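To keep things clear, I will list the structure first and then write my remarks on it.
The values are calculated or read from the model by the stated rules, or taken from the named source; none is laboratory data. Note that the structure is a prediction, hence the values are computed from the model and not measured. Cβ atoms come from the backbone with ideal geometry, glycine included; neighbour counts cover every protein chain shown. Accessible surface is based on the protein model in full, side chains and every heavy atom, while ligands, DNA and RNA are left aside. Shrake-Rupley method; radii C 1.70, N 1.55, O 1.52, S 1.80 Å.
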Amino acid sequence: TKNPEILVAMTTELDRRQQEVQDAEQNKAISENADALFRSAKSYTAGNPDGDVTVVEFFDYNCGYCRRAMPDVVKLVDNDDKVRLVLKELPIFGDDSEDAAKGALAAKLQGKYFEMHQKLFSAPGKANKEKVLRIANELGLDVPKLEKDMESKEVQDALDEAHKLAQELGLQGTPLYLIGDRTIPGAPDDLYDQLVENVSIVRKECCKA
């Protein structure tokens with residue numbers, strides 16, 4: 001106890017080693033699940049489908065951090081025409097979130113996923129089935145078809161796949177961003193800058209290869 005700084009150093013070193021182990025496990029999970037993470041037909045891809053760097057986002061429509069982050073994510077896609085953005089719904093906040101996720105995936109089958117996605121975040125109020133149907137009307141979607149598709153196997157398969165991937169990655173909450181094998185958990189205030197920086201690093205690495 002005479003040397004508290006030694007104890008602090010030991011704790012810090014232990015934390016660092018644990019973090020390294022966690023990072024290594026996560027990297028292994030990313031490479032083992034690369035196809036499902038980056039190239040799954042079940043997930044919606046925004047931006048440039050043939051882009052050179054893929055950003056994957058796990059999110060919940062009722063997650064405040066995800067809502068706050070959405071403009072930064074859209075800005076990234078708008079400003080960098082070589083980014084592929086893969087969106088994975090991970091409804092962790094109960095039935096309303098599940099309904100919102102199903103609504104977006106059902107809108108994908110009518111070619112209006114990204115519009116539904118943005119409105120579910122930007123329109124006021126909780127994301128739930130009622131909000132999905134209201135937005136579907138505004139977007140001119142076939143609402144009875146959308147309701148039917150929300151309960152389809154195709155939509156459930158997409159949710160199941162995202163849930164399984166989140167488990168494999170040991171994901172602690174939403175949002176989580178993957179850029180290559182790099183991760184940004186949560187929605188830091190400088191998210192846009194971090195996304196740009198990570199995309200640039202991954203782009204340099206892949207072009208060297």
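Quick test for you: out of 189, 193, pick the one residue that is open to solvent by 80 Å² or more (accessible area, probe 1.4 Å), over 14 Å from residue 25 (Cβ atoms) and assigned to a helix (DSSP H, G or I). Of 189, 193, the one residue that is open to solvent by 80 Å² or more (accessible area, probe 1.4 Å), over 14 Å from residue 25 (Cβ atoms) and assigned to a helix (DSSP H, G or I) is 193. Annotation note: of 87, 178, the sole residue that is touching a His at 6+ places or on another chain (Cβ under 8 Å), touching a residue at least 12 places away in the same chain (Cβ under 8 Å) and not in a helix (DSSP H, G or I) is 87. Here's a check for you: in segment 1-15, which residue that is among the charged types (D, E, K, R) and loosely packed, with under 10 Cβ neighbours inside 10 Å is modelled with the lowest pLDDT? Only one residue tops the list, namely 2. Within segment 50-82, the set of residues being closer than 15 Å to residue 113 by Cα and either in a helix (DSSP H, G or I) or aliphatic (A, V, I, L, M) (or both) comprises 70, 74. If you check 125, 51, which single one turns out to be under 16 Å from residue 177 (Cβ atoms) and not hydroxyl-bearing (Ser, Thr, Tyr)? Testing whether each residue is under 16 Å from residue 177 (Cβ atoms) and not hydroxyl-bearing (Ser, Thr, Tyr) leaves just 51.
With respect to (1) open to solvent by less than 40 Å² (accessible area, probe 1.4 Å); (2) among the small types (Gly, Ala, Ser); (3) closer than 24 Å to residue 193 by Cβ, the lone exception for residue 122 is condition (1). Could you say which residue among 56, 83 is surrounded by 21 or more Cβ atoms within 10 Å (Cβ to Cβ), of a type outside the set (Gly, Ala, Ser), at pLDDT 95 or above and under 12 Å from the mean Cα position of the chain (by Cα)? Exactly one of 56, 83 is surrounded by 21 or more Cβ atoms within 10 Å (Cβ to Cβ), of a type outside the set (Gly, Ala, Ser), at pLDDT 95 or above and under 12 Å from the mean Cα position of the chain (by Cα), namely 56.
If I filter segment 112-130 for residues that are over 19 Å from residue 63 (Cβ atoms) and in contact with a Lys or Arg (Cβ under 9 Å, 6 or more places away or on another chain), do I get at least one hit? Checked segment 112-130: no residue is over 19 Å from residue 63 (Cβ atoms) and in contact with a Lys or Arg (Cβ under 9 Å, 6 or more places away or on another chain).
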